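This report concerns only the one structure given below.
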Amino acid sequence: MRKVTLENEEFLTNMTDGGGELTGFYKNKEVKKIYEWIGLSNGISVKEFYFDKGQLIFVYEKFDSFVFDAQKNEFDFTKTKTIFEGRYYFSNKKLFNRSTKVNKASTTQDESTEEGLLARANENIEVLNKKNN
């Protein structure tokens, strides 16, 4: 398995507060998994894209929000709480099942759409393949 990693501006069109990392895992020149980590001002976004024969088959996403310390009146950047988790299943470029968990205390994280996940997967493959070739 070959691993290709891109940092920050190599794949992010807009830099975030915490930067980012995009890693593609290849087997015989075919992408099998893409791991996307993005550090935002309010938390950490992670998406994992899984592929079979070049087709997106599964996406796992999670958003961990930084914990607000009320006594100090500031965020504690060493502590996070998962406020959103989603699992999306695809077949022939169509979403056929999803499972999401949302922390009711925070509604700032929106659920991803079928079109958005497919587009993001394609964008990620494109930038990774530029470095992989």
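The values are calculated or read from the model by the stated rules, or taken from the named source; none is laboratory data. Everything quoted here is computed from the prediction, not taken from an experiment. Cβ atoms come from the backbone with ideal geometry, glycine included; neighbour counts cover every protein chain shown.
Within segment 24-50, the residues that satisfy the criterion of being in contact (Cβ under 8 Å) with a residue 60 or more places away in the chain and assigned to a strand (DSSP E or B) are 24, 26, 31, 34, 36, 47, 49.
Scanning segment 22-42 for residues that are farther than 19 Å from residue 117 by Cβ and touching a Gly at 6+ places or on another chain (Cβ under 9 Å) yields 30, 39, 41. Put simply, of 51, 66, 11 the only residue that is more than 14 Å from residue 122 (Cα to Cα), of a type in the set (A, V, I, L, M, F, W, C) and crowded, with 17+ Cβ neighbours inside 10 Å is 66.
Inside segment 1-54, residues that are of a type in the set (D, E, K, R) and within 12 Å of the chain's Cα centre (by Cα) make up a count of 5. Exactly one residue out of 81, 94 is of a type outside the set (A, V, I, L, M, F, W, C), surrounded by 12 or more Cβ atoms within 10 Å (Cβ to Cβ), modelled with pLDDT under 95 and more than 26 Å from residue 10 (Cα to Cα): that is 81.
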